[in-house]
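Everything below concerns the one structure shown next.
Values quoted throughout were computed directly from the atomic coordinates according to the rules given, and no laboratory measurement underlies them. None of the values given here were measured: they were computed from a predicted structure. Here the Cβ positions follow ideal geometry from the backbone for every residue, glycine too, while neighbour counts run over all protein chains shown.
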Amino acid sequence: MTVEDIPASASPGGPAGRTAAVIPAAGRGIRLGPGAPKALRALNGTPMLIHAVRAMAASRYVALVVVVAPSDGAGEVKAMLDAYEHALPERTEFLVVPGGDTRQESVKLGLDVLPDDVRVVLVHDAARPLVPVDTVDSVIEAVRGGAPAVVPALPLADTVKQVEPRTDGTPEPVVATPERALLRAVQTPQGFDRAVLTHAHETVPAAGEGATDCAGMVERLGKPVVVVPGHEEAFKVTRPLDLVLAEAVLARRRANDGF
Ligand code: C5P
């Protein structure tokens, strides 16, 4: 099914309810070095967060995007969204809420403001600004098709070793080599039946730094989580080299759509 063929039930008030995207964007992004919070860094002159919001709003299914801003930066993020209104579809509604100390807490604060008619929820990292709309749509379609939780994922290029971590600078001993063919690198947006995700956030405790992955919380409830194909352009902008790659992807796209 293409986005042009979305049935009437995808519209607001349809039997499947509305779809909303929650974007946790409250992290400091220290691995990118000092400066503005990661989500507010520019990529080709446009804040990373705006790219991420635009990527969610590009899906015809997504009626509402909730941005979870740094706790002291909600006003700034709201002003930024207003400034880029021209680059965002009119059909989409936007909300900004202040975030918490961990990603898990920030996602929960975003879920708390969803209207009652939202039945499908995407959770998308602001740090993955370039996810293509086809990936977003395939996650949503899998949830609408009945899966309680869906993650986009890719096979791994690297072999992965499990180690016994050392912090004293001595070589870390390898303890296992999981079979690479059984592993997947998981991306976002992750998609959920709203009730399942809300239940997970109400029952799974926020131990330590909290969950870095909402699907993992749903797994802990014993609910099935399924994988759909991810996309190489949905990579996470984490280190300085990722900014170079993201700008290269955007330069290639700019030739096509002018953004
Ligand atoms: O730090 P990391 O890259 O794992 O963060 C993943 C996502 O979670 C980012 O989009 C970040 O802004 C968000 N986050 C958040 N609130 C926090 C920590 C991280 O919204 N307290």
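Data for the structure
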{"item": "Matching residues, the stretch 91-112, being more than 10 Å from the ligand (Cβ to nearest atom) and assigned to a loop (DSSP other than H, G, I, E, B)", "result": "ARG91, THR92, ASP112"}
{"item": "Options VAL118, VAL68, VAL97; residue that is in contact with a helix residue (DSSP H, G or I) (Cβ under 8 Å, 6 or more places away or on another chain) and crowded, with 24+ Cβ neighbours inside 10 Å", "result": "VAL68"}
{"item": "Among the candidates LEU250, LEU245, residue that is free of Cβ contacts under 8 Å to residues at least 24 places away in the same chain, under 26 Å from ALA157 (Cα atoms) and over 17 Å from the mean Cα position of the chain (by Cα)", "result": "LEU245"}
{"item": "Every residue from the stretch 71-83 that is surrounded by fewer than 17 Cβ atoms within 10 Å (Cβ to Cβ) and of a type outside the set (S, T, N, Q)", "result": "ASP72, GLY75, GLU76, LYS78, ALA79, ASP82, ALA83"}
{"item": "Strands (runs of 3 or more DSSP E) enclosed by the stretch 160-204 - at least 1 residues per element that are under 26 Å from the mean Cα position of the chain (by Cα) and surrounded by 10 or more Cβ atoms within 10 Å (Cβ to Cβ)", "result": "184-186, 190-193"}
{"item": "Extreme residue, nearest to the ligand (Cβ to nearest atom), among residues of the stretch 113-129 that are more than 21 Å from PRO70 (Cα to Cα) and assigned to a loop (DSSP other than H, G, I, E, B)", "result": "PRO115"}
{"item": "Among the residues listed as VAL237, VAL226, the single one being among the aliphatic types (A, V, I, L, M) and within 14 Å of the ligand (Cβ to nearest atom)", "result": "VAL237"}
